[in-house]
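Notes follow the structure.
The values are calculated or read from the model by the stated rules, or taken from the named source; none is laboratory data. For clarity, every value in this text was computed on a predicted model and none was experimentally measured. With ideal geometry, Cβ positions are generated from the backbone for all residues, glycine too; neighbour counts draw on all protein chains shown.
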Amino acid sequence: MSPFFIITGIVTLLGAVFAMSLRNLVHCALAMAIAFAGVAALFLQLGAEFVGFAQILIYIGAIAILIVFAILLTRSGESPDKSVLTSGWWAGIAVTAMVFTILGWAVLSSSAVPKELPAAPAASVKNVGDLLMTKYVLPLEIVALVLTAAMIGAVLIALKEDNKDNAGGQP
Amino acid sequence: MTPLQTCLLISALLFSVGFAGAVTRRHAILVLIGIELMLNAANLNLIAFWRFGAHPEALNGFIFALFSMALAAAEAAVGLALVIAIYRHKKTSNLDEVKELKG
């Protein structure tokens, strides 16, 4: 594996660690965008150009902006003065250490890993489009339905509540 | 270490970081960011197995990663809408203070 791949992986992991550990939420969103860009670079180096560019468009273009909007709408942009961790955070760290130990052991000790690098497969946009329109056309339609339902659901959930029955001055 | 193992280790680390953030931070939006990082780690696994596994010309892992990203986008939209609705209702997005299902 090329050293550039390792460096990209380290940058991705650093972005993820900062996204999960900084106190200010806007800085967290910025670090998250760096982590997403690193994952997109890893996709590009693995030969999955279409998924890499889709990652940039969807994650950095849409989800990061959505998260920044949510941070601003919930007025949580400034750093909190209290602790940012939950009350039982040590249990979460312990479970995380166990999960990573098991995953790393399984990856490093598995015998199902091919030893030699296979030739880079052709994943041109034409092949992907052909497959999406022939073999995977039903999942594609279902994903369209799911996205429509999610969009309508998100609008309905975030819609301002009708304030005819709350006399307490709730917005 | 083979290239596949390198990819899988990076992905396992990314998953662990996202998981640690999702279970230890008390702000709801950070939990969602952690879930997105875990989904990214899963996508990295799919692409790595597609690239280094058997029959990469069938593009199975590739298409699976595309569908997984579409579902992640839907999940993020609904999750952030829920966070905004909870904030509007309870005036907080601190998960330690959101304890009851009753409105």
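Quick notes on this structure:
- Scope the range A:56-88; condition outside any loop (DSSP other than H, G, I, E, B), surrounded by 21 or more Cβ atoms within 10 Å (Cβ to Cβ) and at the interface with another protein chain (Cβ under 7 Å from one of its Cβ atoms); matching residues: A:63, A:67, A:70, A:71
- Extreme residue, surrounded by the fewest Cβ atoms within 10 Å (Cβ to Cβ), among residues of the range B:40-49 that are among the hydrophobic types (A, V, I, L, M, F, W, C) and facing another protein chain (nearest Cβ under 7 Å): B:48
- A single entry from A:53, A:18 fulfils the requirement of being over 13 Å from the mean Cα position of the chain (by Cα) and surrounded by fewer than 16 Cβ atoms within 10 Å (Cβ to Cβ): A:53.
- Identity of the residue in the range B:51-65, over 14 Å from the mean Cα position of the chain (by Cα) and aliphatic (A, V, I, L, M), that ends up farthest from residue A:135 (Cα to Cα): B:54
- Candidate set from the range A:92-105 (those that are more than 19 Å from residue B:9 (Cβ to Cβ) and within 8 Å of chain B (Cβ to nearest Cβ)); member that is surrounded by the most Cβ atoms within 10 Å (Cβ to Cβ): A:92
- Residue selected from the range A:89-146 under the condition in a loop (DSSP other than H, G, I, E, B) and at pLDDT 90 or above, by the criterion nearest to residue A:54 (Cα to Cα): A:136
- Test result for residue A:50, touching a Gly at 6+ places or on another chain (Cβ under 8 Å), closer than 27 Å to residue A:129 by Cβ and either in contact (Cβ under 8 Å) with a residue 12 or more places away in the chain or in the same structural domain as residue A:126 (by TED's automatic domain parsing) (or both): no
- Of all residues in the range B:51-87, those satisfying the criterion of being over 30 Å from residue A:159 (Cα atoms), part of a helix (DSSP H, G or I) and more than 7 Å from chain A (Cβ to nearest Cβ) are B:58, B:60, B:61, B:64.
- Checking the range B:2-18 against the condition returns a match, with at least one residue being under 23 Å from residue A:7 (Cβ atoms) and not in a helix (DSSP H, G or I).
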